[in-house]
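Peer 1: Sharing a structure, written as structure tokens. Questions coming.
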Amino acid sequence: MNVLAMVHQQFNVDPKRIYLTGHSMGGAGTFYLAAKHADIWSAVAPVAPAAFMMNQDRAAILKQIRDGTVPLLIVQGDADTVVPPANTRMCADTAKELHMDVKYVELPGIDHGPVITASQKAVYEFFAQHAKN
């Protein structure tokens with residue numbers, strides 16, 4: 001959040017187009033910051049989120065994102081050997097049950113590291129489709 005504040009000071013930031021993405025533990029951080037600061041983000045995209053610690057609280061965390069009307073893209077490789085795809089599917093299913101604006105993309109044959117580059121097209125297309133009103 002400090003870096004975001006610095007960027008606001010030094011650059012002309014369009015407040016209608018502020019996005020957040022992260023991979024692995026950064027994906028878990030994406031969920032956390034999206035919930036905590038839902039008023040900021042135009043859309044968020046956790047990639048292969050290592051969000052194991054939020055499993056029991058995932059509905060409450062996702063509700064904060066939903067209540068902030070933040071569109072959510074979750075990307076996961078189906079061959080991930082670090083973050084089990086079943087864990088990410090569970091999170092995506094909960095988001096769907098909460099009637100969130102969510103899209104889940106599972107990339108076939110992609111492991112944990114390669115999902116970073118393999119996800120970029122979907123992430124940036126998703127971001128381009130969302131701006132705050």
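The values are calculated or read from the model by the stated rules, or taken from the named source; none is laboratory data. Please read these numbers as outputs of a predicted model, since none were measured by experiment. No Cβ is skipped: glycine too gets one built from the backbone with ideal geometry, and neighbour counts run over all protein chains shown.
Peer 1: Scan (1) assigned to a loop (DSSP other than H, G, I, E, B); (2) modelled with pLDDT of 95 or more for the single condition residue 56 breaks and write down its number.
Peer 2: (2)
Peer 1: Filter the stretch 112-133 for residues that are among the β-branched types (Val, Ile, Thr) and either at pLDDT below 95 or surrounded by 12 or more Cβ atoms within 10 Å (Cβ to Cβ) (or both); which is nearest to residue 17 (Cα to Cα)? If you could, list the steps in order and put the result at the bottom.
Peer 2: We begin by selecting, within the stretch 112-133, every residue among the β-branched types (Val, Ile, Thr); these are 115-117, 123.
Filter once more, keeping what is either at pLDDT below 95 or surrounded by 12 or more Cβ atoms within 10 Å (Cβ to Cβ) (or both): 115-116, 123.
Working: 115: 24, 116: 22, 123: 14 Å.
Only one residue fits best here, namely 123.
Peer 1: Same structure again: Considering only the stretch 89-98, I want to know if a residue exists there that is outside any helix (DSSP H, G or I) and either modelled with pLDDT under 95 or exposed (fewer than 15 other Cβ atoms within 10 Å of the Cβ) (or both). Break it down into steps so the answer makes sense when it comes.
Peer 2: Step one: filter the stretch 89-98 for residues outside any helix (DSSP H, G or I), giving 98.
Now narrow it down to the ones that are either modelled with pLDDT under 95 or exposed (fewer than 15 other Cβ atoms within 10 Å of the Cβ) (or both): none.
For the stretch 89-98, residues outside any helix (DSSP H, G or I) and either modelled with pLDDT under 95 or exposed (fewer than 15 other Cβ atoms within 10 Å of the Cβ) (or both): absent.
Peer 1: Checking the structure you have, find out if any residue of the stretch 9-27 is hydrophobic (A, V, I, L, M, F, W, C), free of Cβ contacts under 8 Å to residues at least 24 places away in the same chain and part of a loop (DSSP other than H, G, I, E, B).
Peer 2: Yes, the stretch 9-27 contains a residue that is hydrophobic (A, V, I, L, M, F, W, C), free of Cβ contacts under 8 Å to residues at least 24 places away in the same chain and part of a loop (DSSP other than H, G, I, E, B).
Peer 1: Hey, another quick one. Anything in the stretch 100-116 that is over 17 Å from residue 43 (Cβ atoms), part of a loop (DSSP other than H, G, I, E, B) and in contact (Cβ under 8 Å) with a residue 12 or more places away in the chain? List them, or say none.
Peer 2: Within the stretch 100-116, 108, 109, 110, 111, 112, 114 qualify.
Peer 1: Here's a follow-up. So is residue 79 at negative phi and part of a helix (DSSP H, G or I) or not?
Peer 2: Details: at negative phi: yes; part of a helix (DSSP H, G or I): no.
Against the criterion (at negative phi and part of a helix (DSSP H, G or I)), residue 79 does not qualify.
Peer 1: Quick check, is residue 13 out of contact with any strand residue (DSSP E or B) (no Cβ under 9 Å at 6 or more places or on another chain) and more than 27 Å from residue 133 (Cα to Cα)?
Peer 2: Criteria not met by residue 13.
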